[in-house]
Ligand code: PRX
C-alpha cells in the first residue's frame with residue numbers, strides 16, 4: 001500500500017513482510033470487493049472443494065435470514081482433511097501440540113484424517129446422525145479438534161462448551177442443545193493442577209436429561225467415575241472394529257448447520273449461535289489466509305481456546321482449510337515460569353502468534369527479561385483479539401515480542417460474525433489500538449440512536465451494513481430472538497452491541513460493549529449468568545453484576561448482593577459466594593469483589609441501573625438519576 005499521510009501515530013509495515021504477502025495492495029483488493037462483493041466471495045469459494053457448485057452466491061430474499069452459496073454441496077471436514085490428504089500435504093504436520101506437563105504430539109494431515117474417521121465411526125455406532133447435537137467439553141488437547149471434525153464429517157452439529165465453564169453452565173448448554181452424546185476429557189492440566197472435567201460433567205448430567213452416551217478421553221488419568229452403560233473410554237472404543245480408518249462423509253448442503261456455540265447476550269440465557277458449512281468455510285478460509293498471510297512453510301499459533309469462537313475459526317477450521325501447520329498448547333502462559341510461551345515459540349519456530357490483550361498485559365507484568373532470554377526471530381506476524389488493546393500493551397507486544405518487525409493484526413469480530421470483520425492485513429499501516437478498517441467487501445459504520453452515521457471521532461454504535469459469508473444464521477431454535485437481538489434496532493443493519501469511533505482516515509476504534517455483556521480477560525460473560533448463579537445460593541435474595549476496569553483482565557466483575565432477611569454479610573460469606581459462582585458458571589466468572597447492600601438502583605420498570613452501580617464502584621458521580629425509582 002502506498003504510504004499515505006495518516007493522522008496520529010502510525011506504524012508502517014516492513015518491506016519484507018509485504019513483498020511475500022498474499023495481499024500486497026489492500027486498496028486494490030478492497031475496491032474489487034466493494035464493487036461486487038458476491039463475485040469477490042464466489043471467487044474465494046472457487047479455491048475450496050464443492051461436490052456441487054452453488055446456484056446463488058447470496059440469497060437475501062428472506063432478510064435477515066441470509067443464505068450463502070445456496071444449492072451447493074460440500075463438507076468442511078472434507079476440505080480440512082481429505083483435500084490435503086490427496087496432495088503433497090499428506091505428510092505435512094497439521095498439528096503440533098504441547099501439554100502443560102511437557103507431553104508432545106505431532107499429527108500429519110494423514111493421521112488427523114484417520115483419527116477423525118475413527119471418531120466419526122464411533123459416533124455413528126452410537127446412533128449419531130446428521131443434524132444431531134453433540135456436546136464437547138474438554139481442555140486444549142488434539143482430541144477436541146478430532147471430535148469437532150468428526151461431527152462435521154457426519155453432519156452432526158457440535159456444541160463445544162469451554163473447559164473453563166462449570167456445572168450449571170454445562171448443564172444449561174447440554175439441555176438447551178438437546179445433545180444425545182457428550183464427549184468429555186477426564187481432566188485438564190491447568191497451572192500444574194487438574195481441572196476435574198469428568199467430575200463436573202457428572203454433576204451437570206445429574207441436572208440434565210437427554211445424554212445417552214458419554215465418550216471419555218483420557219488425559220490426566222486420575223480416578224474418575226464411569227457410569228456403566230453410559231460412559232465409555234475413547235481409547236478403548238477406538239480399538240474396536242467399528243472404529244475403522246475410513247468413514248463415508250455426508251455431502252452437506254451449504255446451509256446445513258455445522259455447529260452451535262453459546263455466547264452471552266443482553267439478557268437471560270446464553271444464546272446458541274448457529275453457523276453453517278458453506279459460508280463459514282469460505283469466510284474463515286479467506287480471512288485467515290489474507291490477514292495472517294498463511295504460507296506453506298509457516299508454523300502458526302493461535303493461543304485461544306478451541307471452546308470459543310476464536311478457536312473454532314482460527315485453531316480448527318481456518319488453519320486446516322489453508323493446509324497450515326498449527327501449534328496448540330494446553331496450559332497456562334506462565335507455567336511453570338513466565339517464559340513458557342517464549343520458550344515454545346523458540347523451540348517450535350513459530351512464525352505467527354495470535355492472542356488476546358489480557359495475555360499480553362499479563363506477561364508484560366513479568367518484565368521483558370523473560371522474553372529476551374529467547375530467540376523469537378522466527379516471528380513474522382502478531383495478532384490480537386477479544387477486547388480493545390491499549391496502546392501501551394500494543395507497543396510492548398510490537399517492540400519486545402515482535403522486535404519492532406512484526407505487524408500486529410488487531411482483529412475485531414464476534415461469535416456471531418464467525419470471521420474477522422475489522423482487521424488489518426500485513427500490508428496495512430497500523431495505529432496502536434485500532435483494528436484499522438473492515439475486511440474488503442464488508443461495510444461497517446458508527447451510527448447514533450437513530451441509525452444515522454456520526455461525525456468522525458464521535459462515539460456511536462458499531463453496525464454492519466453488508467452480509468458476509470460466515471455470518472450467524474440464527475439463534476438455534478429461536479429465530480425471533482435472532483431478529484430482535486441483532487436486526488430490530490436499525491433497519492437493514494446488524495447491531496454488534498459495541499460502541500466505537502471512526503477517525504478521519506476511516507480507521508475504527510472499538511470502545512467496548514454497550515449492553516449487559518462483560519468482557520473479563522477477553523471472555524464474554526453475561527451479567528444475567530453471574531446474577532442467576534449468585535441468586536441460586538440460599539443466602540442471596542437479589543444480585544447485580546457489573547464490570548469495572550481492571551489492569552490485566554480488561555474488566556473485573558463487581559457484584560452487589562442483597563441477602564435474605566435476617567442474614568448479615570461477612571468475609572466468609574463473600575468467599576463462599578465467589579466459590580459458588582466459580583462452581584456454577586466457572587472460575588472466569590468469579591466476582592473480584594462482592595458488596596452487600598440493602599437495595600439496588602432500579603428504573604420504574606424494574607431494570608437495574610448498572611450505570612449507577614458502576615459509578616458507585618468507581619467512586620464517580622452517577623449522573624442523571626431522574627429515572628431512578630428509589
Ligand atoms: O466487544 C467486542 C470484543 O469482543 C466481542 C465479541 O466477543 P466474542 O463473541 O466472545 O468473540 C471474541 C473473539 C472474536 C466484541 O463484540 N472484541 C473482539 N475483538 C476485539 C474486540 N474489541 C476490541 N478489539 C478487538 N480486536
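The values are calculated or read from the model by the stated rules, or taken from the named source; none is laboratory data. In this text the structure is predicted, and so the values were computed from the model without any measurement. With ideal geometry, Cβ positions are generated from the backbone for all residues, glycine too; neighbour counts draw on all protein chains shown.
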Residue check, residue 533 more than 18 Å from the chain's Cα centre (by Cα), surrounded by fewer than 21 Cβ atoms within 10 Å (Cβ to Cβ), under 23 Å from residue 267 (Cβ atoms) and more than 9 Å from the ligand (Cβ to nearest atom): no
Matching residues, segment 467-482, being more than 15 Å from the ligand (Cβ to nearest atom) and touching a helix residue (DSSP H, G or I) at 6+ places or on another chain (Cβ under 6 Å): 469, 474
Extreme residue, farthest from the chain's Cα centre (by Cα), among residues of segment 297-312 that are under 23 Å from residue 152 (Cβ atoms) and in a strand (DSSP E or B): 300
Unmet criterion (only one of (1) crowded, with 21+ Cβ neighbours inside 10 Å; (2) at pLDDT 95 or above; (3) touching a helix residue (DSSP H, G or I) at 6+ places or on another chain (Cβ under 8 Å)) for residue 265: (2)
Tally, over segment 503-520, of residues that are within 11 Å of the ligand (Cβ to nearest atom), touching a helix residue (DSSP H, G or I) at 6+ places or on another chain (Cβ under 8 Å) and in a loop (DSSP other than H, G, I, E, B): 0
Residue 477 vs. criteria in a loop (DSSP other than H, G, I, E, B) and surrounded by fewer than 19 Cβ atoms within 10 Å (Cβ to Cβ): yes
Strands (runs of 3 or more DSSP E) lying entirely in segment 107-222 (those with 2 or more residues that are surrounded by 19 or more Cβ atoms within 10 Å (Cβ to Cβ)): 133-137, 157-160, 181-185, 188-190, 213-217
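Just checking, which of 407, 426 is surrounded by 20 or more Cβ atoms within 10 Å (Cβ to Cβ) and more than 16 Å from the ligand (Cβ to nearest atom)? So that I can check it myself, show each step before the final result.
Numbers: 407 fails: more than 16 Å from the ligand (Cβ to nearest atom).
None of the others qualify; the one that does is 426.
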Segment 272-292 - residue that is over 15 Å from the mean Cα position of the chain (by Cα) and over 18 Å from residue 40 (Cβ atoms) and, of those, surrounded by the fewest Cβ atoms within 10 Å (Cβ to Cβ): 276
Test: residue in segment 273-289 that is within 30 Å of residue 607 (Cα to Cα) and touching a residue at least 40 places away in the same chain (Cβ under 8 Å): yes
Any hit, segment 380-396, residues being crowded, with 20+ Cβ neighbours inside 10 Å, at pLDDT 95 or above, part of a helix (DSSP H, G or I) and more than 16 Å from the ligand (Cβ to nearest atom): no
Qualifying residue in segment 342-352 (condition: surrounded by fewer than 20 Cβ atoms within 10 Å (Cβ to Cβ), away from the ligand (no atom under 16 Å from the Cβ), closer than 23 Å to residue 219 by Cβ and free of Cβ contacts under 8 Å to residues at least 60 places away in the same chain): yes
Which numbered condition residue 485 fails, given (1) under 26 Å from residue 42 (Cβ atoms); (2) outside any loop (DSSP other than H, G, I, E, B); (3) touching a residue at least 60 places away in the same chain (Cβ under 8 Å); (4) within 14 Å of the ligand (Cβ to nearest atom): (1)
